[in-house]
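Only one structure is covered here, and it is reproduced in the block below.
The values are calculated or read from the model by the stated rules, or taken from the named source; none is laboratory data. Computed from a prediction, not measured in an experiment: that's the story for all the values here. Because the Cβ atoms are built from the backbone with ideal geometry, glycine has one as well, and the counts that use them run over all protein chains shown.
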């Protein structure tokens with residue numbers, strides 16, 4: 001569809017190119033997507049990004065958080081901070097209270113574990129599609145990368 005946008009836009013003079021007149025105008029008006037929207041729709045439709053990862057548009061935030069642009073995360077000792085886009089939020093009932101697992105997609109995928117204290121702080125503020133910087137303890141195992149966000153650790157929301 002991306003390949004045909006210009007042709008569709010120019011089809012206004014021709015009747016019933018792909019749609020009726022009102023449908024065509026409605027479609028053409030929706031074609032102007034932001035870079036973030038394009039990336040989101042590419043990922044939804046294809047399962048990957050065609051024009052590069054959308055996190056590359058957050059270089060100002062990376063600099064502000066002292067995160068290397070080529071990696072999307074920085075590790076100091078056992079502590080880590082990583083920037084990424086929230087792809088899924090999975091609340092969980094544990095023996096210590098409600099918590100959540102968050103799929104964070106940056107230059108590499110992260111599983112963010114929000115323990116009860118952090119989950120109660122952030123649960124009403126997090127939503128899929130948010131760009132955040134997660135701070136916590138890095139956990140590695142079975143080729144998975146996780147960040148434990150415990151009480152005292154935090155999320156920063158990137159606009």
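Which condition number does residue 84 fail, the rest of (1) touching a residue at least 24 places away in the same chain (Cβ under 8 Å); (2) part of a helix (DSSP H, G or I); (3) surrounded by 20 or more Cβ atoms within 10 Å (Cβ to Cβ) being met?
Failed condition: (2).
Take residue 49 and tell me if it is surrounded by 16 or more Cβ atoms within 10 Å (Cβ to Cβ), in a loop (DSSP other than H, G, I, E, B) and at pLDDT below 80.
yes
Looking at segment 26-44, I want the residues that are outside any helix (DSSP H, G or I) and have a partner that is at pLDDT 70 or above with Cβ atoms under 8 Å, at least 6 apart or on another chain. Which pairs are those?
Every condition considered, the pairs that remain are 33/41.
Taking segment 88-107, which residues are touching a helix residue (DSSP H, G or I) at 6+ places or on another chain (Cβ under 9 Å), over 17 Å from residue 136 (Cα atoms) and modelled with pLDDT under 90?
94, 96, 97, 107
Checking residue 93 against (1) surrounded by fewer than 18 Cβ atoms within 10 Å (Cβ to Cβ); (2) farther than 26 Å from residue 71 by Cα; (3) within 20 Å of the chain's Cα centre (by Cα), which test does it fail?
For residue 93, the failing item is (3).
Being part of a strand (DSSP E or B) and either within 15 Å of the chain's Cα centre (by Cα) or modelled with pLDDT under 85 (or both) is the filter here, so list the residues in segment 53-81 that pass it.
73
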